Amino acid sequence: MRKALPGWRAKPGDRWLLAAFSVPESQRNLRHQLRRVLAGRGFGTVAAGLWIAPEFVHAHLRRELERDGLLEFVEFFAADLLARLIEKNPTLV
């Protein structure tokens, strides 16, 4: 299993990448494979089918999932700390 991108660490202020996935029960083996890939890239679980990691892993992960035939099961979302967004734009509150 490959590890998260070597030498890369999240820094304060980095955005987050959420990976939401759903794999049919009939393809359980692919679900397990997908979890192994996410864990190997440094993702942690938020809830069933929702994982989080620093955003910078996106491009590399996307290529890996596409190569392994898993990309069709995943939707990606970028996230930021709400406090930081409000600080930049106080009209959000």
With x for Gly and Pro, the residue-by-residue ³J(HN,Hα) of segment 42-49, computed from phi through the Karplus equation 6.51 cos²θ - 1.76 cosθ + 1.60 at θ = phi - 60° and given in whole Hz, is x, 6, x, 8, 9, 7, 4, x
So what's the chain giving for Rg/Rh, alpha carbon basis, Kirkwood Rh from the mean inverse pair distance? 1.03
Expressed in nm to one decimal, what extension gain is obtained for the pair Ala20 and Leu81 from 0.36 nm per residue of sequence separation less their Cα-Cα distance? 20.1 nm
Roughly how big is segment 13-89's charge dipole about its Cα centre, with Cβ charges of +1 (Lys, Arg) and -1 (Asp, Glu), in debye to the nearest 20? 180
Please list, in order along segment 54-70, the HN-Hα scalar couplings obtained from phi with the Karplus expression 6.51 cos²θ - 1.76 cosθ + 1.60 (θ = phi - 60°), rounded to whole Hz, x for Gly and Pro. x, 4, 5, 7, 4, 4, 5, 4, 4, 4, 5, 5, 5, 4, 8, x, 10
I'd like the carbon and sulfur percentage of the solvent accessible area for the chain, probe radius 1.4 Å, heavy atoms only, ligands and nucleic acids excluded. 56
Per residue of the chain, what 222 nm ellipticity follows from adding -39500 (n - 2.57) for every DSSP H run with n ≥ 4, rounded to the nearest 500? -9500 deg cm²/dmol
What spacing in nm lies between the two simple spin-label points modelled at Arg67 and Arg9, each 7 Å away from Cα in the Cβ direction? 2.7
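The values are calculated or read from the model by the stated rules, or taken from the named source; none is laboratory data. Predicted model only: the values in this text are computed from it and were never measured. Cβ sites come from the backbone with ideal geometry, for glycine too, and all protein chains shown count toward neighbours. We work out accessible area using only protein heavy atoms, side chains counted, and drop any ligands, DNA or RNA first. Shrake-Rupley method; radii C 1.70, N 1.55, O 1.52, S 1.80 Å.
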